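Everything below concerns the one structure shown next.
The values are calculated or read from the model by the stated rules, or taken from the named source; none is laboratory data. In this text, all values refer to a predicted model and were calculated from it rather than measured experimentally. Using ideal geometry, Cβ is built from the backbone for each residue, glycine included, and neighbour counts are taken over all protein chains shown.
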Amino acid sequence: MESDQKFVEDVVKAIVNNPGDVKTSRIIDERGVLITLDVNPADMGYVIGRQGQTARSIRTLLKIVGAKNNARVNLKINEPAGGRGPNPRPAQSANEPIDTSAVDNLEI
């Protein structure tokens, strides 16, 4: 296992609840090294972090590890099947009326 791949595994295993489910693969192509990360779906929030801050930090550190080895290294985090996707909340149509019956008879 290469040092960049081991680095990702070690960091992610330290922050998740199911370290046994952490798996990485390493592919080299014309754009550099791509490390793909798979984690338990329950741990995805720990890996991504609030507003993606944890994932961004891991990627930044990984770029430093890659630069030390004269390689361009990128990290792809696989979203588990049935994940939340880009828009987790159901969209409310602008044409649908909003139910205000709970507050209609308030005397303020």
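Looking across the stretch 6-44, the residues that are of a type in the set (Lys, Arg) and part of a helix (DSSP H, G or I) come down to LYS6, LYS13.
Report yes if some residue within the stretch 88-101 is modelled with pLDDT of 90 or more and charged (D, E, K, R); otherwise report no. The answer is no, given that none of the residues of the stretch 88-101 is modelled with pLDDT of 90 or more and charged (D, E, K, R).
So how many residues does the stretch 35-80 have that are of a type in the set (Gly, Ala, Ser) and touching a residue at least 40 places away in the same chain (Cβ under 8 Å)? Result for the stretch 35-80: 2.
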